[in-house]
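The values are calculated or read from the model by the stated rules, or taken from the named source; none is laboratory data. Not measured: the values here are computed from a predicted model. Neighbour counts run over all protein chains shown; Cβ positions are idealised from the backbone, glycine included. For accessibility, only protein heavy atoms count, side chains too; no ligands or nucleic acids. Shrake-Rupley method; radii C 1.70, N 1.55, O 1.52, S 1.80 Å.
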Amino acid sequence: MKFLIFFFIIFLYSKTVLANVTHEIIKKLNETENITFNFEQTTSEQSEIGKCFLVFSGNLKCIYEGDEKKEVLVRNNSLYIIKHKFKRSYRYPLKNSAFNIILDKKKLLENLKLIDQSKIKQTSTDYFYEINTESGLIAKIFFDKKTNILKGWETVSYNQETVKFKILEPLTNLKIEEEFKVPDYNF
């Protein structure tokens, strides 16, 4: 009987702790207008690094290091993959991607409030939530245990590859002078 009572107390305590964690993450997210950070993105085929500017709600610009001079830009409900070396840009609708939730603070907050606290998972440094998009995709969204700041995500790309995106050295609420502009490469 003592074991059962002990187990019940531990179970209630862990649910309360995770509910408090979610509350703190929501509070921090509400205070965050933008994040500037370095990143590491890995897929089964490659690892890439660079720098990003995320402005809630819905704007993201990532500048990749490398010869292609690749850039990913999200704005106006579209995702653009830009390859400056080849003077090409490719547009994809945001509607069916995980970015539809990750970059929309309102949707992200709504989803965090609805998550069953027993479904919150953790690593030694992060808490993460699995969120289903309207199109059925699952996105894992990571938050730092110490700071409660967005720390990255894991999604499935348009070509059905798992993409792990890790936020490094995040700085919040800085003045961002970066332009979220698609280059005009039409000939």
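Before moving on, here are some points about what is shown:
- Test: residue in the stretch 140-148 that is farther than 19 Å from E33 by Cβ, touching a Lys or Arg at 6+ places or on another chain (Cβ under 7 Å), in contact (Cβ under 8 Å) with a residue 12 or more places away in the chain and surrounded by 18 or more Cβ atoms within 10 Å (Cβ to Cβ): yes
- All of Q160, Q117 fail the test of being over 21 Å from E33 (Cα atoms) and surrounded by 13 or more Cβ atoms within 10 Å (Cβ to Cβ), apart from Q117.
- Restricted to the stretch 114-124, and to residues there that are assigned to a loop (DSSP other than H, G, I, E, B) and free of Cβ contacts under 8 Å to residues at least 24 places away in the same chain, the residue that is nearest to K146 (Cα to Cα) is S124.
- All positions within the stretch 160-179 that are assigned to a loop (DSSP other than H, G, I, E, B), more than 23 Å from N76 (Cβ to Cβ) and either without any contact (Cβ under 8 Å) to a residue 40 or more places away in the chain or β-branched (V, I, T) (or both): Q160
- Considering (1) surrounded by fewer than 12 Cβ atoms within 10 Å (Cβ to Cβ); (2) without any contact (Cβ under 8 Å) to a residue 40 or more places away in the chain, the lone condition that S78 does not fulfil carries the number (1).
- Tally, over the stretch 102-143, of residues that are more than 17 Å from F56 (Cβ to Cβ) and charged (D, E, K, R): 7
- The single condition among (1) under 15 Å from N20 (Cα atoms); (2) not in a strand (DSSP E or B) that F128 does not meet is (2).
- Residues in the stretch 148-176 that are acidic (D, E) and farther than 19 Å from I120 by Cβ: E161, E169.
- Condition check for F128: free of Cβ contacts under 8 Å to residues at least 60 places away in the same chain, within 11 Å of the chain's Cα centre (by Cα), open to solvent by less than 70 Å² (accessible area, probe 1.4 Å) and over 30 Å from K181 (Cα atoms): yes
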